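Enquirer: Provided herewith is a single structure, encoded as structure tokens, for subsequent inquiry.
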Amino acid sequence: MALTRCGWLLLSATFLSAGAEISITPQPAKPAEGDNVTLAVQGLAGELLAYNWYAGPTLSLTYLVVSYIVSTGDETPGPAHSGREAVRPDGSLDIWGVVPGHSGTYILQTLNRQFQTEVGYGHLQVYEILTQPVVMANDTALVERRDTLRLTCSSPSPAEVRWFFNGNALPIAVRLGLSPDGRVLTRHGIRREEAGAYQCEVWNPVSVSRSEPVNLTVYFGPERVAILQDSTTRTGCTIKVDFNTSLTLWCASRSCPEPEYMWAFNGRALKNGQDHLNISSMTAAQEGTYTCIAKNPKTLLSGSASVVVKLSAAAVAMTIVPVPARPMEGQDVTLTVLGYPKDLLVYAWYRGPASEPNRLLSQLPSGTWIAGPAHTGREAGFPNCSLLVQKLNVTDAGRYTLKTVTLQGKTETLEVELQVALQLPPSREDERQLPDPDPGTG
């Protein structure tokens, strides 16, 4: 055996059992890149002449880091020396500012004065300070139950991966597919409850880093399309509205994104693309079936709902009230019509049953009225369908008939009985109180 300043060569030596007593322990045990590490050696026996350190799986010159002569303290760098390694007199190896490339198997070979060698094995794992990973998605806007979500956690470091959903650890569900390395997350037939913020986190014993969130939108619907009488009250199949009052119909549905709306009245499309429809003054012309159609521009699905709008019974009931209620002979009376249809087209009054010979007068759509065969010259009509009869006589008492026709062709007939009180002659008491018509005679 010869020792030189360039290292020591084994010319002839006896090998002891490999590493049975020598132990090599990194200090610290889990170093991060940039740390100073010592591969501490224990279990050395006897008086030693030299050490060889190898960074590799075998005692090959290619892996030789450094040779150390104990008596002189001389070190000779080998091919695997990085410029950061130094041997301590007790055989331990210092490595300054470790990097991930220092990870691997280390072998210490010793030589004693009996020219016997012994080897010990150790392992060093240097952990990176992890950079922030990035989540890449195949798409961030998917259609429910149709599309597949695929997320990839991109990181240059060989670290463990965890996934987070809306800030919480993502549970491993039946429909959740993960690649063996945990870096690819797959969900088939995505569902609405899976919309939200996804993040991945890479970690090792010395470092952890979480990605920025990727926000996923899941399109669905429209579902449960319904027409509401106001923004909160759900309606039935029929809505009854008082005459001349306003009504707002709202179209509601469960949908993402908000659907496009269309309205139809009795099957005819209306020029309204809003989620509500206003009826400012309810008349018989607005009675009918209102339909809301909701269409989702992303899912291309649509749904509809319909309601029937009617005037309330109290609103459509016309009544005729004589004013005054019991007119006397010689007075004027107005047969006042209450609750007449606002979409009136024409009306006609008859003296008795509704037949042409009995017609008193008719009002035309222009608003003017024309006399009929039974007109006496004392009757006049009004826009609200009321009839004025002037200078009543007892023969005017009896039945009067009103007939109305709306713009929708709806006809209604209503009758009233008019009573005329006789004008009584003055009593004798009244006559005694009358002044003498000619005070000068007597």
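The values are calculated or read from the model by the stated rules, or taken from the named source; none is laboratory data. None of the values given here were measured: they were computed from a predicted structure. Here the Cβ positions follow ideal geometry from the backbone for every residue, glycine too, while neighbour counts run over all protein chains shown. Accessible surface areas use protein heavy atoms only, side chains included; no ligands, DNA or RNA. Shrake-Rupley method; radii C 1.70, N 1.55, O 1.52, S 1.80 Å.
Enquirer: Being surrounded by fewer than 16 Cβ atoms within 10 Å (Cβ to Cβ), more than 60 Å from the chain's Cα centre (by Cα) and farther than 24 Å from Pro205 by Cα narrows it down to one of Ser67, Ser71, Ser23, so name that one.
Expert: Ser71
Enquirer: For the stretch 396-409, enumerate the residues that are under 56 Å from the mean Cα position of the chain (by Cα) and either closer than 12 Å to Thr336 by Cα or not in a strand (DSSP E or B) (or both).
Expert: Leu407, Gln408, Gly409 - these are the residues of the stretch 396-409 that are under 56 Å from the mean Cα position of the chain (by Cα) and either closer than 12 Å to Thr336 by Cα or not in a strand (DSSP E or B) (or both).
Enquirer: Among all residue pairs at least 6 apart or on different chains, which show Cβ distances below 9 Å where the first residue, located in the stretch 361-375, is farther than 15 Å from Leu345 by Cβ and the second is in a loop (DSSP other than H, G, I, E, B) and open to solvent by less than 30 Å² (accessible area, probe 1.4 Å)?
Expert: These pairs meet every condition: Leu361/Gly372; Leu361/Ala374; Ala374/Gly352.
Enquirer: Would you be able to tell me the number of residues in the stretch 138-156 that are over 24 Å from Pro205 (Cβ atoms) and assigned to a loop (DSSP other than H, G, I, E, B)?
Expert: Summing the residues that are over 24 Å from Pro205 (Cβ atoms) and assigned to a loop (DSSP other than H, G, I, E, B) in the stretch 138-156 gives 8.
Enquirer: Could we say that Asp275 is of a type in the set (D, E, K, R) and under 23 Å from the mean Cα position of the chain (by Cα) here?
Expert: Yes, satisfied.
Enquirer: Across the stretch 380-395, what is the number of residues that are open to solvent by 10 Å² or more (accessible area, probe 1.4 Å), more than 60 Å from the chain's Cα centre (by Cα) and closer than 18 Å to Ala348 by Cβ?
Expert: Residues meeting the conditions: 2.
Enquirer: Does Asp275 qualify as being farther than 18 Å from Asn166 by Cα, modelled with pLDDT under 95 and exposed (fewer than 15 other Cβ atoms within 10 Å of the Cβ)?
Expert: Criteria not met by Asp275.
Enquirer: Could you say whether any residue in the stretch 358-372 is farther than 21 Å from Tyr340 by Cβ, crowded, with 17+ Cβ neighbours inside 10 Å and at pLDDT 75 or above?
Expert: No, there is no match, as no residue in the stretch 358-372 is farther than 21 Å from Tyr340 by Cβ, crowded, with 17+ Cβ neighbours inside 10 Å and at pLDDT 75 or above.
Enquirer: Oh, and also: Only one of (1) closer than 30 Å to Gln423 by Cβ; (2) assigned to a strand (DSSP E or B) is not met by Ser362, so which one is it?
Expert: (1)
Enquirer: Might you check whether a residue that is open to solvent by 20 Å² or more (accessible area, probe 1.4 Å), farther than 18 Å from Val420 by Cβ and free of Cβ contacts under 8 Å to residues at least 40 places away in the same chain occurs anywhere in the stretch 332-341?
Expert: The answer is yes; a qualifying residue exists.
Enquirer: Among the residues of the stretch 346-354, is there at least one that is over 25 Å from Ser280 (Cα atoms), in contact with a Cys (Cβ under 9 Å, 6 or more places away or on another chain) and not in a helix (DSSP H, G or I)?
Expert: Within the stretch 346-354, one or more residues are over 25 Å from Ser280 (Cα atoms), in contact with a Cys (Cβ under 9 Å, 6 or more places away or on another chain) and not in a helix (DSSP H, G or I).
Enquirer: Within the group Ser157, Ser209, which residue is modelled with pLDDT of 95 or more, of a type in the set (Gly, Ala, Ser) and on the phi < 0 side of the Ramachandran plot?
Expert: Ser209
One line per residue, one yes/no per condition, for (1) surrounded by 13 or more Cβ atoms within 10 Å (Cβ to Cβ); (2) outside any loop (DSSP other than H, G, I, E, B):
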residue: Val135; (1), (2): yes, yes
residue: Pro158; (1), (2): no, no
residue: Gly189; (1), (2): yes, no
residue: Cys200; (1), (2): yes, yes
residue: Leu216; (1), (2): yes, yes
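Enquirer: Among (1) without any contact (Cβ under 8 Å) to a residue 60 or more places away in the chain; (2) within 24 Å of Leu151 (Cβ to Cβ); (3) among the acidic types (Asp, Glu), which single condition is Asp230 missing?
Expert: (2)
Enquirer: Identify all residues within the stretch 45-64 that are assigned to a loop (DSSP other than H, G, I, E, B), within 16 Å of Gly122 (Cβ to Cβ) and open to solvent by less than 60 Å² (accessible area, probe 1.4 Å); write none if there are none.
Expert: Hit for the stretch 45-64 is Gly56, nothing else.
Enquirer: Continuing with this model, one more query. Identify the residue in the stretch 65-75 that is free of Cβ contacts under 8 Å to residues at least 24 places away in the same chain and assigned to a strand (DSSP E or B) and, among all such residues, is farthest from Ile22 (Cα to Cα).
Expert: So, considering only residues that are free of Cβ contacts under 8 Å to residues at least 24 places away in the same chain and assigned to a strand (DSSP E or B), the one farthest from Ile22 (Cα to Cα) is Glu75.
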